[in-house]
1. When only residues in the stretch 53-78 that are at pLDDT below 65 and not hydroxyl-bearing (Ser, Thr, Tyr) count, which is nearest to the chain's Cα centre (by Cα)?
2. Ser26 is checked against (1) closer than 18 Å to Leu97 by Cβ; (2) surrounded by fewer than 19 Cβ atoms within 10 Å (Cβ to Cβ); (3) modelled with pLDDT of 70 or more; (4) touching a Ser or Thr at 6+ places or on another chain (Cβ under 8 Å) and fails just one. What number does that condition carry?
3. Given the structure, is Leu8 touching a residue at least 24 places away in the same chain (Cβ under 8 Å) and in contact with a helix residue (DSSP H, G or I) (Cβ under 6 Å, 6 or more places away or on another chain)?
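The values are calculated or read from the model by the stated rules, or taken from the named source; none is laboratory data. Keep in mind that what you see is a predicted model, and the values were worked out from it rather than measured. Here Cβ is always computed from backbone atoms with ideal geometry, including for glycine, and neighbour counts include all displayed protein chains.
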Amino acid sequence: MRSVVYELDDCYKIVTYSKLKSGVWSATSLIKTIYKSESCINFIDALMKSLNASSKNLKEKDALSSSDYYNLLGLKKGVKIEKIAKSFTITLEGSNLSVIPSTRNNNHTYYIPQLEDKLEYSLVRDLNIKSIFTEVLKKCE
């Protein structure tokens with residue numbers, strides 16, 4: 001599983017991708033909206049719900065068509081979404097949150113995990129997940 005985050009004017013849209021049996025990564029209907037104005041507690045709750053949903057095994061039928069994808073993001077078809085897309089992998093083990101930012105390759109066709117930039121946080125100690133989230137987005141292309 002992987003997530004791509006779209007940073008829009010007033011919110012973040014977290015899109016869960018699943019690798020289908022064909023080997024292709026496809027966006028799924030698991031799209032979570034987190035508003036920038038949300039309190040830190042609500043932000044954490046929304047992020048955790050998104051992470052829990054993305055851990056489920058998805059089937060080919062969960063793949064989205066390109067028009068469904070734009071509709072769920074609330075964008076008009078033709079918008080250059082790669083300009084606002086930021087990708088990272090999040091893992092949650094107990095109360096430890098690990099984040100690996102990704103950058104685009106030279107052709108902008110796929111994301112490359114930046115393992116040396118891995119960030120680790122404790123949900124017990126590092127309570128400001130909202131600021132962590134924005135810090136991670138700055139490290140992504």
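1. Of all residues in the stretch 53-78, those at pLDDT below 65 come to 53-58.
Filter once more, so that each one left must be not hydroxyl-bearing (Ser, Thr, Tyr): 53, 56-58.
Details: Ala53: 12, Lys56: 15, Asn57: 17, Leu58: 16 Å.
Once the filter is applied, the top-ranked residue is Ala53.
2. The one condition Ser26 does not meet is (1).
3. When the stated conditions are applied, Leu8 does not pass them.
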